[in-house]
Each structure stands twice: as C-alpha cells, then as structure tokens.
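Asks: First the structure, then my questions, so here it is.
The values are calculated or read from the model by the stated rules, or taken from the named source; none is laboratory data. This is a predicted model, so every value here is computed, not measured. Positions of Cβ are generated from backbone atoms using ideal geometry, with glycine treated the same way; all protein chains shown enter the neighbour counts.
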Amino acid sequence: MDHPDPAHLFRQAAEEAARYRSTFPARPHKPADSYLESLARFSAELPSQGAPGDQVLAQLIEQADPGLNAMPGPRFFGWVMGASHPVAVAADWMTAVWGQNAGNHVASPAAAAAETVAARWLLELLGLPQEASVGFVTGATMANFVGLAAARSEVLRRVGWDVEANGLFGAPPITVLIGDDAHTTIYAGLQYLGLGHDRVRRIRTDEAGRMVPEAFAEAAREASGPVIAILQAGQINTGAFDDFDAIIPLAREAGAWVHVDGAFGLWARATPRRKHLAEGIELADSWATDGHKWLQVPFDSGYVFVRDSDAHRRAMTIAASYLPAAGETERDPSHLVPELSRRARGFPTWAIIRHLGRNGISEMVERHCAVARDMAERLAAEDGVHVLNTVELNQVIVRFGSAEPGAEADRQTVETIRRIQHDGVLFAGGADWRGRKVMRLSVTSWGTTLEEGQKAVDGILQAFDAVRMS
Ligand SMILES: *Cc1c(COP(=O)(O)O)cnc(C)c1O
C-alpha cells in the first residue's frame, strides 16, 4: 500500500465534516439506523488486502452516517450531553494531527503547558481554590474516580495507613456517606476503589433529590474512623444541588473528605445569576466535572480538581527511571490521572475557553437555563402535561397524562417518548423518578436557542397528541 497523501485525506475529512455539520439544524434528531442495522453495514470479514485511505474514509462515512445520532444538534435533549462545538472540534483535530503523547512535559512541552493554563482558567471560571491540582480525564466518571482515590489516600493516611503501598487489606474501614440520588457512576468509582458500591451509608433525600441536612448530620455523628462524604451539584433528573452551606461544615466536623460530583452542575458557578445554586461548594476537597457536557468539548473530556495536590499526586503518580521526575516548575499530566500515555486533552479545552471567554460561557449557561424554563412553562401550560421539577438549572422532567404514579400515565409517558424518538423533531429520553416514568430534557447544546426549544416543544406536544388520540 502506498503512503496516503495527507493533504488530500485531510481536505477530504474537512469537507465531509463541513457537509455533516451543514445538515443541522434540519437533520432529523435521531439515528436513521438501529444498532443491528448499523452492525449489518459494518459487518465484513477481516480484510487481507488494504485499501486506499480516501476510499476507506469514504466507506467509513457512508457506513457510519445512518447510525449517527444528532448529538451536535440544537434539539438534542437526551441524557446530559454537550454538542461538540466546532472550535473545540477543530482544536481536537489538531490534537490528533500533532500526535502528541501528553504523558509528561518532556515528551510534549506544548501539551503539558496548554493543560497548565487551561487548568488555571477552569479553576477561575468555576471559582475553585487556585491551589487545587487539576487532572484532565475522559469524563466525570473518571474525574469522580480520581477525586475519590485522593480521598481514600488522605483519609487513610491520617490514620497511619498507606493505601498506595498496602492496599485495603487490613486497612481501617472507611465510612462513605452518599445521597440517595447520587449518580450511578459514583458507585462505579467506589467499586473500582475497593470501597464497594453497597458498603455505603445512603442519606435520605428530598423531593428534588437533595440530601436532607438533618439526615446527613445524624449519619455524620454516627460515623467513626475515616469518612468520605460525596455531595452533588446537579442531580441528573432534577438539576438540584445539595445544600453545601449546611452539609460541608457537618462533614468537616466528622473529619470527612468532601467530594462533589458536579458533572454539569458545577457550571452554574460560571454565571453570576446561577452561582448561588452552588454556594459554599468551594469549601469541599475535590470536585469532578465534564468538559464534554456544558463546555462543549468533543467527547471525551472531563476534569478533576483536588485541593490537596499531595493527596492527588500520591493517588495517581506513575514513576519509572525512564520518565522525567516531576520538578518544582513543571507539571506532568500523567501524575494527576490514571493514564500514562494519553491524549493532549488540554488543547480543545484551551481553545473553547479562549473562543467563548468567561462572558461567552456565562451567556451560554444562562441561555440554556432560560430555554429549559421556557420549555417547562410551555409544556406545563398544556392539558395533561406535567413538569415534575422546579426548573432552576437546565433539567426538566415531564410526565404525560397525570403527575401522580399510575400505569396509564406511565404508558402515555413511555409511548410519547417512543413517538418523539420516532418523529425525530427532537431527541429526548426517559427515566424512572419517584416511582413514575418521566421524560427527561437536558438543555446542554451550544446551538440551542429559545426558538429551537419552542420547535422542540411543538414536537413533544404533537407526539403526545398522537398518543392521546390512539
Ligand atoms: C454525566 C454524569 C456523570 C458521568 O459523567 P461521564 O462524563 O458520562 O463520565 C456523573 N455524574 C453526573 C451528575 C452526570 O451528569
């Protein structure tokens, strides 16, 4: 096989990229193909002979396109997903083009330096302690994992146990306090760390999914030995925030390390009008958030912030004679994350913050919250449509037929979601909330405006009408 002409290939990719993005916002907000249909398109025997690069790229695009979902689109409200902003995408292309292994500062000074500066910008944007160390990871799942690894290291160090050296065999038990409506990936982190996803004390929550401070206080009083408390900024369904002002001091009294999962909710701190929702959060010890959700960095991108950078490094450092030692002035990304060889995640983060600026990020977060509220009001004004949460942030949960538990409203809700996903005007998914089926709307796409939100509401009501008539 001849070496491909990179200029030709990269131009082809750029043209195809522009073509794909130009199909928005009109593109149906759903995949045309199911998984099995996609699989049928891709299925082939292992090729013995290679093929020219431009043909391979064309084939990949042809096979993938029908199975792509409209995640970059302005009416995509599924799960909580960002929309891969073009500026961050372009920077991410360069990241791949440059082919840097961003493990340490000697291997790639530019990659390490971009992270150093993007890290400082993130701390400032989110109002977190400037001395915190920052790990650039793949998402909030890994960010939570790293934050909890630092927590585990430090709470055990305080009782004389070196968990990095000795593991958990024979270690003093750690009490983990966690809200009953924490995100499922927190439990994954506990599972990876040997802390066990069932060996936790679950704290009662209120109707919005916030921990009840009195219940937390009681659990904190009863806890003995090392304690880790896990709080949340932005519940996945309601967008609610734990009461940091009330709970963090209680956790402190119990000697706990406080970790906050703020995968999307931490971004409330980036706008003056929502900042109050996450007041007091800066007093925690570690925080996790995503770059690929509200910041619009392409997948995958997340950040962990740890106040005690010694604990952070202790939990993550990978050392070997062939790797540079961490100096006073340099920052080695791999000492703050689980990976050694890794993508230069600082570049797209640097680019999107440079592009939007503090004001642009604030405007975007604010706009998404306004769209969420507008959509909720329009929906709630309709007969038989019920918004179940107070929309303070960007999350809306909706139930059709009746707000109350019951099989008929469950059916109407599930059917309406199915219709919506079939029609493709917008994309929305479902969940169970307080014993009821609900539809979830997460407003997190850079392209979403009030008008797009209104088009989406029309699409939702059309689907519900069809279900009601049937
Ligand atoms: C999305 C999310 C996570 C997991 O983040 P990933 O980026 O999918 O790894 C964790 N917690 C909350 C609250 C989330 O919304």
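Asks: Of the residues in segment 225-243, how many are within 16 Å of the ligand (Cβ to nearest atom) and over 14 Å from Val155 (Cα atoms)?
Replies: 12
Asks: Here's a follow-up. Looking at Arg367, Arg399, Arg358, which one is touching a residue at least 12 places away in the same chain (Cβ under 8 Å), surrounded by 23 or more Cβ atoms within 10 Å (Cβ to Cβ) and closer than 30 Å to His276 by Cβ?
Replies: Arg399
Asks: List the strands (runs of 3 or more DSSP E) that sit entirely inside segment 349-433 and contain at least 2 residues that are under 25 Å from Arg27 (Cα atoms).
Replies: Qualifying strands (runs of 3 or more DSSP E): 395-400, 429-433.
Asks: Could you please let me know if Gly139 is more than 16 Å from the ligand (Cβ to nearest atom) and either of a type in the set (Ser, Thr, Tyr) or closer than 26 Å to Arg331 by Cβ (or both)?
Replies: no
Asks: Could you check how many residues of segment 154-164 are touching a residue at least 24 places away in the same chain (Cβ under 8 Å), surrounded by fewer than 16 Cβ atoms within 10 Å (Cβ to Cβ) and either within 16 Å of the ligand (Cβ to nearest atom) or not aliphatic (A, V, I, L, M) (or both)?
Replies: 2
Asks: Okay, moving on. Return the total of residues in segment 191-228 being among the aromatic types (Phe, Trp, Tyr) and in contact with a strand residue (DSSP E or B) (Cβ under 8 Å, 6 or more places away or on another chain).
Replies: So the count comes out to 1.
Asks: Separate question: Pairs under 8 Å by beta carbon, first residue more than 19 Å from Glu392 (Cα to Cα) and hydrophobic (A, V, I, L, M, F, W, C) in segment 429-452, partner modelled with pLDDT under 95 and not in a strand (DSSP E or B), six or more apart or different chains?
Replies: none
Asks: Can you pull out every residue in segment 6-31 that is surrounded by 10 or more Cβ atoms within 10 Å (Cβ to Cβ), part of a loop (DSSP other than H, G, I, E, B) and without any contact (Cβ under 8 Å) to a residue 24 or more places away in the chain?
Replies: Once the filter is applied, which keeps residues that are surrounded by 10 or more Cβ atoms within 10 Å (Cβ to Cβ), part of a loop (DSSP other than H, G, I, E, B) and without any contact (Cβ under 8 Å) to a residue 24 or more places away in the chain, segment 6-31 yields only Thr23.
Asks: Check whether at least one residue in segment 302-321 is within 11 Å of the ligand (Cβ to nearest atom), within 30 Å of Leu388 (Cα to Cα) and not basic (Lys, Arg), and report yes or no.
Replies: Yes, segment 302-321 has at least one match.
Asks: Now for a separate question. So which residues in segment 422-470 are among the acidic types (Asp, Glu) and surrounded by 14 or more Cβ atoms within 10 Å (Cβ to Cβ)?
Replies: Result: Asp423, Glu452, Asp465.
Asks: When you check Ala150 against the structure, is it at negative phi, in contact (Cβ under 8 Å) with a residue 12 or more places away in the chain, within 16 Å of the ligand (Cβ to nearest atom) and surrounded by 24 or more Cβ atoms within 10 Å (Cβ to Cβ), yes or no?
Replies: Here the answer is no, as Ala150 does not meet what is asked.
Asks: Assuming Val212 fulfils every condition listed in (1) surrounded by fewer than 22 Cβ atoms within 10 Å (Cβ to Cβ); (2) under 25 Å from Gly82 (Cβ atoms); (3) of a type outside the set (Asp, Glu) apart from one, which condition is it?
Replies: Only one criterion is unmet by Val212, namely (2).
Asks: Looking at (1) within 19 Å of Asn144 (Cα to Cα); (2) under 23 Å from the mean Cα position of the chain (by Cα); (3) modelled with pLDDT of 95 or more, which one does Arg201 not meet, given that it meets all the others?
Replies: That leaves (2) as the condition not met.
Asks: Test Gly239 against the criterion of being more than 11 Å from the chain's Cα centre (by Cα) and on the phi > 0 side of the Ramachandran plot, and give yes or no.
Replies: Criteria met by Gly239.
Asks: Select from segment 187-206 the residues that are touching a residue at least 40 places away in the same chain (Cβ under 8 Å) and more than 22 Å from Asp242 (Cα to Cα) and list them in ascending order.
Replies: Tyr192, Leu193, Leu195
Asks: Would you confirm whether any residue within segment 215-226 is at pLDDT 95 or above, in contact with a Lys or Arg (Cβ under 7 Å, 6 or more places away or on another chain) and of a type in the set (D, E, K, R)?
Replies: no
Asks: Can I ask one more? Name the residue that is nearest to the ligand (Cβ to nearest atom), counting only residues in segment 244-297 that are β-branched (Val, Ile, Thr) and farther than 17 Å from Leu128 by Cα.
Replies: The selected residue is Val297.
Residue-wise test of (1) within 16 Å of the ligand (Cβ to nearest atom); (2) farther than 17 Å from Asp290 by Cα; (3) hydrophobic (A, V, I, L, M, F, W, C).
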{"position": "Asn69", "(1), (2), (3)": "yes, yes, no"}
{"position": "Phe76", "(1), (2), (3)": "yes, yes, yes"}
{"position": "Trp79", "(1), (2), (3)": "yes, no, yes"}
{"position": "Ser84", "(1), (2), (3)": "yes, no, no"}
{"position": "Ala88", "(1), (2), (3)": "yes, no, yes"}
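Asks: Continuing with the same structure: Go through (1) aliphatic (A, V, I, L, M); (2) farther than 14 Å from Val260 by Cα; (3) in contact with a strand residue (DSSP E or B) (Cβ under 6 Å, 6 or more places away or on another chain) one by one and return the number of the condition Val159 breaks.
Replies: Status for Val159: all satisfied but (3).
Asks: Could I ask something else about it? Specify the residue that is surrounded by the most Cβ atoms within 10 Å (Cβ to Cβ); the eligible residues are those in segment 165-199 that are among the charged types (D, E, K, R) and more than 16 Å from the ligand (Cβ to nearest atom).
Replies: The selected residue is Arg199.
Asks: Output the residues belonging to segment 315-328 that are surrounded by fewer than 19 Cβ atoms within 10 Å (Cβ to Cβ) and either outside any loop (DSSP other than H, G, I, E, B) or in contact with a Lys or Arg (Cβ under 9 Å, 6 or more places away or on another chain) (or both).
Replies: Matches in segment 315-328: Ala326 only.
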